[in-house]
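Some notes on the structure that comes next.
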Amino acid sequence: MTPRSTRTAYLTAAFLSVGLLSACSSGGPQPGVAAVVGEESIRVSEVNRLTDGFCEAARRDFQGQGDVYPMNVLSSVVLQALAMNSIIDQLADDYDVEPSLAFEQQAADREQSFSTLDPDQAEAALLVQGSALHRDDILTGIGRQELEEAGVAEPSVDDALAQGNDILSVWLVENPPRIDPQYHLTMDTPQAGSVDTTTSHAVTTAAVDAMLADQFAIRALEADETDRFTDYVRSLPATQRCG
């Protein structure tokens, strides 16, 4: 496998493995703001810029596999990564924890692998591919620090990460994020999931097709729904799909 093939394979795998976030938030943010997490706001314009960048970075790989996705799904993935990075960075500041040397080396390797891309494309690709790794690295560091302070001499990686996830859960309860409902995202658990924020029921063929496109971000499609989903997404205007 060539370096570019390896890069794009990892990029697509990162996209496909990203789940969205579940349960209920405390209401949407102000106009123009996609999400408010703790003390930070994420602008809709930033989500749009990185969504376009991610689509362009992954487009050839999606096309090579015959895949196509609605841009709103990519937007949700990008916003999830931005929001989780913001939360994790705030936690890292609170606990005075730095990324591990191993993570920093991996991050440098990923940055090098995307160095030939346009800056917006590279930034978006690195965001989507690295967000979960950044989360687990910082949470493991926080959890290890807390366990050691509690008297655990050599906490395992699994125990440290579990402790870090418990701390993240408490932070999310104390600092409930506010997400624009258009992204179908809420955040109150460490693990990714999503929520259906629509209030209507699909009746017509076109409405059912649109519902499947939205629910791709919410649940795994049944085997008999996949072709219908793909056909519908391919019928969307080029500006509303990627692949």
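At a glance:
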| read-out | value |
| --- | --- |
| The one condition in (1) under 23 Å from Val37 (Cα atoms); (2) modelled with pLDDT of 95 or more that Gly130 fails to fulfil | (2) |
| In the stretch 88-146, residue surrounded by the fewest Cβ atoms within 10 Å (Cβ to Cβ) [restricted to those that are among the hydroxyl-bearing types (Ser, Thr, Tyr) and assigned to a helix (DSSP H, G or I)] | Tyr95 |
| Gln80 being surrounded by fewer than 23 Cβ atoms within 10 Å (Cβ to Cβ) and closer than 22 Å to Asn165 by Cβ | no |
| Test result for Ala107, of a type in the set (Gly, Ala, Ser) and modelled with pLDDT of 95 or more | no |
| Long-range neighbours under 7 Å by Cβ, at least six apart or interchain, first residue without any contact (Cβ under 8 Å) to a residue 60 or more places away in the chain within the stretch 141-160, second hydroxyl-bearing (Ser, Thr, Tyr) | Gly141/Ser100; Ile142/Tyr95; Gln145/Tyr95; Val157/Thr140; Ala160/Thr140 |
| Gly53 vs. criteria part of a loop (DSSP other than H, G, I, E, B) and either within 24 Å of Tyr232 (Cα to Cα) or touching a Leu at 6+ places or on another chain (Cβ under 8 Å) (or both) | no |
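The values are calculated or read from the model by the stated rules, or taken from the named source; none is laboratory data. Computed from a prediction, not measured in an experiment: that's the story for all the values here. Every residue, glycine as well, gets a Cβ built from its backbone with ideal geometry; the counts of neighbours run over all protein chains shown.
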